Amino acid sequence: MTKGRIHSIETFGTVDGPGIRYIIFFQGCPLRCKYCHNRDTWNPSLGKEYTADEIITDALKYSSYRKFSGGGITASGGEPTLQPAFLNELFMKAKENSIHTCLDTSGYVDIDVIDPILENTDLVLLDLKHMIDDGSKDLTGVSINKAIALGKHLDKRGIPVWIKQVLVPGITDTIENLEALGKFVSSLSNVERVELLPYHTMGIHKWENLGIDYELKGVPDATKEDVKRASEVVSKFGVQVYNA
């Protein structure tokens, strides 16, 4: 029986997919996002071990909230696809119990690794960090190309997607990045929702608690006006931004 390393679990989540959701934050992440608000999830050897049965049994305790709201479970992180065998078993057991499944991912995964998981995935939250490759590498340490490839693959398979991007002043709010985001999203037929999430500094204390320097010190929080301006650029490509 496969076990997964889990950082934490939230039993009443309302922002990581539709309805009220049971959110499993997986331990371990291959990205090194400079603005990460879950810095303590990076190390893959930490966290608590669970079996898929243990998580599903616990999630079923909250079935009334899920059924009332149209919710389900969301695998978040960290990066859930770093533990593909466990994630696959978890989603298989969820579907056996008629639970809606949502995968929250950076997209930094090979298609052959994620394909079996997608068989039991109802919705993907695809977090496109930065659409310009050099910008992505500087912001996250990795290329955006795998995430773009996954977006196209999800479209080909007809799996519903919500696109997210954190709007970081001076970094992801450039015209070049926003136009690239608009062009890419407009090329897909499976995108149900697009969100520009305003950058905030509420996670800095996690870096400080770990004794690690936070590289984006001095970058201001994104305002509603920043999101509105950015949304106008993306919307030129026929893309509606949900939270504008």
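The values are calculated or read from the model by the stated rules, or taken from the named source; none is laboratory data. This is a predicted model, so every value here is computed, not measured. No Cβ is skipped: glycine too gets one built from the backbone with ideal geometry, and neighbour counts run over all protein chains shown. Areas reflect the complete protein model, heavy atoms only, side chains present, ligands, DNA and RNA absent. Shrake-Rupley method; radii C 1.70, N 1.55, O 1.52, S 1.80 Å.
Overview of results
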read-out	value
The lone exception for Tyr242 - which of (1) in contact with a strand residue (DSSP E or B) (Cβ under 9 Å, 6 or more places away or on another chain); (2) open to solvent by less than 60 Å² (accessible area, probe 1.4 Å); (3) of a type in the set (Phe, Trp, Tyr) it fails	(2)
Residue satisfying all of: in region 21-53; open to solvent by 60 Å² or more (accessible area, probe 1.4 Å) and touching a residue at least 60 places away in the same chain (Cβ under 8 Å); farthest from Gly135 (Cα to Cα) among these	His37
Residues being touching a Phe, Trp or Tyr at 6+ places or on another chain (Cβ under 9 Å) and open to solvent by 20 Å² or more (accessible area, probe 1.4 Å) - total across region 153-165	1
Matching residues, region 188-221, being loosely packed, with under 13 Cβ neighbours inside 10 Å, among the aliphatic types (A, V, I, L, M) and at pLDDT 95 or above	none
Where Val227 falls short, out of the listed (1) out of contact with any strand residue (DSSP E or B) (no Cβ under 6 Å at 6 or more places or on another chain); (2) open to solvent by less than 30 Å² (accessible area, probe 1.4 Å); (3) over 22 Å from Thr105 (Cβ atoms); (4) not charged (D, E, K, R)	(1)
Residue pairs meeting the criteria (Cβ under 7 Å; at least 6 apart or on separate chains; first within 16 Å of Val124 (Cβ to Cβ), in region 82-94; second open to solvent by 50 Å² or more (accessible area, probe 1.4 Å) and aliphatic (A, V, I, L, M))	Pro84/Val113
Filter result for the condition that a residue is open to solvent by 40 Å² or more (accessible area, probe 1.4 Å), within 22 Å of Gly17 (Cβ to Cβ), touching a Ser or Thr at 6+ places or on another chain (Cβ under 7 Å) and in contact (Cβ under 8 Å) with a residue 40 or more places away in the chain, over Asp122, Asp104	Asp122
Tally, over region 220-243, of residues that are assigned to a loop (DSSP other than H, G, I, E, B) and under 11 Å from Leu167 (Cβ atoms)	5
Filter result for Thr81 (touching a Leu at 6+ places or on another chain (Cβ under 7 Å) and modelled with pLDDT of 95 or more)	yes
Of all residues making up region 189-200, the number that are under 18 Å from the mean Cα position of the chain (by Cα) and either free of Cβ contacts under 8 Å to residues at least 24 places away in the same chain or assigned to a loop (DSSP other than H, G, I, E, B) (or both)	3
